[in-house]
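Read the structure below first, then the notes.
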Amino acid sequence: MTESSLASTRLVRVMYGALLAGPLIIVAALWYALGNRLVIPALTGPVGYLLCALCAGGFAFGVLWRSRIPARAPGESPDAFWRANLPRAFALYALLEGVAVLGAIIAVLGGRPYTALAVTLVYLGIMLTFSPGRLAGE
């Protein structure tokens with residue numbers, strides 16, 4: 001591997017790791033600070049369910065967005081692959097992180113910390129499925 005392909009691969013892995021850790025840190029901090037205290041009562045009714053449905057739709061859209069990132073062609077260097085697909089991968093990871101943070105915050109502020117844990121576990125499962133190594137076919 002050349003130095004530039006190592007730099008591209010390293011860049012995408014650092015980006016992935018940072019976006020992977022963000023929701024975990026936010027959920028842990030909110031869970032520690034709030035526990036299962038109800039902060040916003042409106043989030044226990046239809047508004048909360050609507051926002052949770054929005055988050056589920058965001059996860060589904062992220063899974064569909066994955067099809068916009070093609071598999072690495074045989075003989076294609078990792079540097080060329082990431083040069084062409086890094087913006088799409090970043091959009092995918094950022095979308096999934098945003099949805100996870102939104103869903104977790106809604107759940108914790110609505111007094112449902114275990115729902116926040118479930119949202120985070122779904123997020124982890126999707127992110128591990130779409131890891132940089134799997135996207136690049138390594």
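Readers should treat all values here as calculations from the given coordinates under stated rules, not as data from a laboratory. Keep in mind that what you see is a predicted model, and the values were worked out from it rather than measured. All Cβ positions, even for glycine, are placed from backbone atoms using ideal geometry, and neighbour counts span all protein chains on display.
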Using distinct alpha-carbon pairs, which all enter the 1/r mean, Kirkwood radius of the chain in Å: 16.0 Å
Angle in degrees between helix 3-34 and the longest Cα principal axis of the chain, rounded to the nearest 10: 10 degrees
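Could you tell me the calculated FRET efficiency between ALA91 and ALA28, based on Cβ-Cβ distance and R0 = 35 angstrom, to the nearest 0.05? Don't skip to the answer; put the middle values down first.
On the way: r = 26 Å, r/R0 = 0.74.
Computed FRET efficiency for ALA91 and ALA28: 0.85.
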Nearest-ten-degree value, helix 113-129 long axis tilted from longest Cα axis of the chain: 10 degrees
Rounded tilt (10° steps) of 78-109 against the dominant C-alpha axis of the chain: 10 degrees
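Once you keep just the Cα pairs under 8 angstrom separated by 6 or more residues, what percentage relative contact order results for the chain? Before the final figure, lay out each step's value.
Numbers: 140 pairs, mean separation 58.2, N = 138.
Relative CO of the chain lands at 42 percent.
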Listed residues VAL12, VAL119, VAL39, most fluctuating in the chain (Gaussian network, C-alpha, under 10 Å): VAL39
